[in-house]
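The numbers here are math on the coordinates, done by the rules we state, and not lab data. Because the structure is a prediction, the values reported are computed rather than measured. Cβ coordinates were reconstructed from backbone atoms using ideal geometry, including for glycine residues, and neighbour counts include every protein chain displayed.
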Amino acid sequence: MNSFMGKILRVDLSTGRFESLDVPQEVYEAVLAGKGLEAWYLYNNIPAGADPLGPENILAFAPGALCGTGAFLTGRWTVACKSPLTGGWGDANCGGLFAPAIKQCGYDAIFVSGIAEKPVYLFCDGKTVELRDAAPYWGLDATEAELALHRELDPVCRKKPCIALIGPAGEKCSLISGICNEGGRIAARSGVGAVMGSKKLKAVVLAGARPLPCADREKVQALSRELGRKLLKMTLPNGLGVFLGPGGRAMGHLPYMPLDGSMTSLMFRQWGTQANTSLAITSGDGPIKNWAGTPKDARLMDMVYNPERINKIESAKYHCYSCPLGCGGKLNIRGRKYAEFDETHKPEYETIEAFGPLLLNWSMDSILQLNELLNRAGMDSISAGNTVAWAIECYENGILTKEQTDGLELNWGNTEAILALVNKMVAREGFGDALADGVKRASERFGGKEYAMHVGGQEPGMHDARNDPQLGIHFVAEPAPGKHTVGMGIEYGAMSLCDICSWAPPARLHPKSRDLEDTEELALISKANACYTMLVDGAGGCYYGQMMGVHMWKLIDYLNAAEGWDYDGDHYMEIGERIQCLRQLFNIKQGFDPAAVKLPDRMQGIPPLPSGPLKGITLKNKEQVAAHWRAFGWDDKTGVPLRSTVERLGIRTLTEVTP
Amino acid sequence: MIKQQPVFDYLNCVSCGICAQACPVSALEMKKEGKSGKYRNIFPELLPGVCIGCGQCAASCPMEVIRMEEVERLMRVKILPPHGSDRRALDERSWAELPEGSTVRDVLKLIRCNPAKARLLLVSVNGERCPLSRELRDGDVVGFFFPVSGG
Ligand code: SF4
Ligand code: SF4
Ligand code: SF4
């Protein structure tokens, strides 16, 4: 026995047919579950040239291999499909409770194709699968609809259902919409919500209660216990938040980036990801004023976004399934300025940065409201923030007029106008309609392309590649470009991958200038980062577990214990490499040209910033990406995996296996 | 009947929620407020009456927080009553207590369904059709449908 259910569920919304299919063991051996299983299935089953919003696109939901085994930080699920935003591989990742719920219904993944005639939701309790009328829920925001479904179904289900669903943004096929669960936790990226909306699938409701298998549960639990005990002992003194800004300032001016990342678990436990905001504002990590500003433009903003201020209104911590860390939280926002809701999930760093410093917005209260608004609408805050930033810069430079913006005075930091604009985007109303499909489409329509920050069609996450050039490699080379979660140089230092992988270079304290080169060593580092991240996704792990490093969160030991295998790290890193290669092959099959993806000039430091921690930096991004592809065994000009690489990874035989 | 029921040693609980999700009848909810060190947090709490004593929560907890303890209690079944029944004997999630050896007929009495009406009903236990004489077991889900209204 291992940890896989051995089956996938295929749903065709056009015909209303379901199939439960057996997955051959060799597939799990090759790519695990989660994103790996999705890459295998979508590569084989989405025809070349499929319309992302058409019936041929397949929307996949999958938990990872370790989900349900007792391994900590493995409650993440991945949605994958062909992205309507980029035209290539799309995926998004989320926590909450939905991951184990898929397995408890007896499946390692659910694949949905076709388009329903009218809005439906998918119901499965492990015994029956049904498509049910979603008319009463269509039009409700994601949180309202989730509550309404619970009211309706909790009394008639033996086990309380877990629900993943779209809000109005997804229903209206906004290309920057995502899929929510647990009251606004959102798998936001790649436009996955639009794909669900195009299928007229409002929700997936899962109420199965099957026991989840594991080869050696005692061993897995012992590994978790060891980690859990460490975490229970760790705390930070209160009041430290105020020092994060000055700390970041010092970091920004150090010639070296510090290596030890074990602090991340401490910081995330204390504050959540928002711990990064003050640091990011002053260190150069967080983009300011649509990626063109410097910490000078946001002087003292680190105090406004001091994470202690948010902790003060936290009513409880929020943990995804199987997570002892609990970086999430519930905030009581009733009665605060701008607040139209009583409660919100603690905003992530990405959201705060995208609607704070990126727009020179000084109002924390507005961000609490925006956070809840976007979570309920099911819209990606990273993409929305970048799009609003573009609109503001266009307005300030006369490219957009007041008539075009429906009378909104889109100046930097105009909180009211920002709120009004996002409301319009969510409702697809007037000027907001044009922005609801992201910054690339908006700039194609109105101009101001030089201010449109997107990579291959997707708006980048809130970390500046000029501060961490490794990130710039992944922004561009990642099959789902613009994602910030695939690898960072800073993170590499913290993870100690060299201790599990023979070819991963040891992380050394090094001058930042070294990261600007296109050396083979750096390419191996970015490759190792990407392979490990794909492995984590196949296992269903959380990136914050990953960031703790291989000595705290023992992924390889977990996998061996859960699957009854005895493989070394190199073997597992090759699984990660295989997943990455499959995703790239998916892009090639779909006619997506990896070589056409570029960082916007501004994000590469063309021209370089005149002051601040990123002063004078220009990236050699193109050269670095080429070296990264070489390290993967992909053609360094086209990004197409070489025949020898595809053979080495056994992908040809893998793609011939069908369920 | 003697039943097993979980008890918690919250000191070692890391609020991971693995136990609550493992519970086949959702008898655990992450809603007990408390502190983990200095952090305010929520912990698993047993909903009165829902637990069927299966022990899955205890088996799933990596932190060895949960111990199964024997308690005296009645059998519990979940009842999906037909429209217009008396729900007073059911808790908010539709569970009710019945003595050992009870049958579907006893459930009808519990929800005060009149015998004439009862004859028109389709009865299911755990999703399978069955006669009114079916003896129930702890954790069963009993459903009633009016075939005339389409269920
Ligand atoms: S660290 Fe945060 S995001 Fe990751 S699993 Fe835990 S609660 Fe979820
Ligand atoms: S013993 Fe079984 S039914 Fe009771 S709380 Fe634990 S898992 Fe749920
Ligand atoms: S599984 Fe154990 S540690 Fe986790 S919440 Fe339940 S009792 Fe606490």
Cα-based Lys pair tally, chain B, threshold under 29 Å, eight or more apart or on separate chains: 9
Unsatisfied cross-links (Cα-Cα over 29 Å) in the set A:Lys200/A:Lys527; A:Lys172/A:Lys440; A:Lys7/A:Lys317; A:Lys483/A:Lys512; A:Lys202/A:Lys330; A:Lys589/A:Lys622: A:Lys200/A:Lys527; A:Lys7/A:Lys317
If unit charges are put on Cβ atoms (+1 for Lys and Arg, -1 for Asp and Glu) and the dipole of segment B:2-72 is taken about its Cα centre, the option from B:Ser36, B:Gly17, B:Val71 lying farthest towards the positive end turns out to be B:Ser36
Tally Lys and Arg at +1 and Asp and Glu at -1 over the other residues with C-beta under 11 Å from the C-beta of A:Cys501: what net charge comes out? -4
How many percent of the alpha carbon pairs in segment A:537-659 exceed a separation of 16 Å? 73 percent
Convex hull around the C-alpha positions of segment A:582-626: the volume in Å³ per residue is 85 Å³
Based on the alpha carbons, how large is the Rg to Rh ratio for segment A:1-44 when Rh follows Kirkwood? 1.01
Work through the residues other than A:Pro155 whose Cβ is under 12 Å from its Cβ and net out their charges, Lys, Arg +1 and Asp, Glu -1. +2
Cβ-based charge dipole, the protein assembly as shown, positive-most Cα from B:Gln5, B:Thr103, A:Leu66: B:Thr103
Leading residue at positive end of dipole, segment A:7-206 (Cβ point charges), from A:Ala80, A:Leu201, A:Thr143: A:Thr143
Send over the semi-axes of segment A:342-483's equivalent ellipsoid, whole angstrom and largest first, taken as the square roots of 5 times the C-alpha gyration tensor eigenvalues. 22, 19, 14
Rounded to whole Å, give me the distance from the Cα center of segment A:176-213 to that of segment B:8-55. 25 Å
Within the P(r) computed for segment A:405-536, what percentage of the Cα pairs occupies the region above 27 Å? 38 percent
Under 1.5 on a/c is rounded, so check that first for segment A:471-606, then, if it is not, pick prolate when a/b is larger than b/c and oblate when it is not; a ≥ b ≥ c are the square roots of the alpha carbon gyration tensor eigenvalues. oblate
Measure of size requested: the Rg and Dmax of segment B:74-145, with Cα atoms as the atom set and Å as the unit; please supply both. 10.8, 29
By the gyration tensor of its Cα atoms, with a ≥ b ≥ c the square roots of the eigenvalues, what is the shape of the protein assembly as shown: rounded for a/c under 1.5, prolate for a/b over b/c, or oblate? prolate
What FRET efficiency comes out for B:Glu70 versus A:Asp406 if R0 is 41 angstrom and r is the Cβ-Cβ distance? Round to the nearest 0.05. 0.05
Using +1 on the beta carbon of Lys and Arg, -1 on that of Asp and Glu, and nothing else charged, what's the dipole of chain B about the Cα centre, debye to 20? 540 debye
√(5λ) per eigenvalue of the Cα gyration tensor, segment B:2-72, largest first, Å: 20, 12, 11
Let me confirm one metric for peptide A:205-218, namely the mean number of other chain beta-carbon atoms within 10 Å of its residues' beta-carbons. 2
When a footprinting reagent is the concern and you count Cβ atoms within 10 Å, what order do A:Leu360, A:Leu201, A:Leu374 take, fewest first? A:Leu360, A:Leu201, A:Leu374
For the protein assembly as shown, give the magnitude of the charge dipole about the Cα centre (Cβ charges: +1 Lys/Arg, -1 Asp/Glu; no others), in debye to the nearest 20. 1380 debye
Isotropic mean projected area of the C-alpha convex hull, chain B (nm²): 10.0 nm²
Relative contact order (%) - criterion: Cα under 8 Å, at least six apart; region: chain A: 17 percent
Starting from the Cα coordinates of segment A:617-657, work out the convex hull volume and express it per residue in Å³. 66 Å³
Segment A:7-206 - Rg and Dmax from Cα coordinates, angstrom: 15.2, 44
If you add up the charges near A:Asp91, with Lys and Arg at +1 and Asp and Glu at -1, over every other residue whose beta carbon is less than 12 angstrom from its beta carbon, what do you get? +3
Per-q log10 I(q)/I(0), segment B:45-114, q = 0.18, 0.20, 0.21 Å⁻¹ (Debye; single scatterer per alpha-carbon; no solvent): -0.76, -0.86, -0.92
To the nearest 20 Debye, how big is the dipole of segment A:521-625 about its Cα centre, given +1 on the beta carbon of each Lys and Arg and -1 on that of each Asp and Glu? 680 debye
Taking segment A:202-351 on its own, what percent of its Cα-Cα pair distances exceed 25 Å? 45 percent
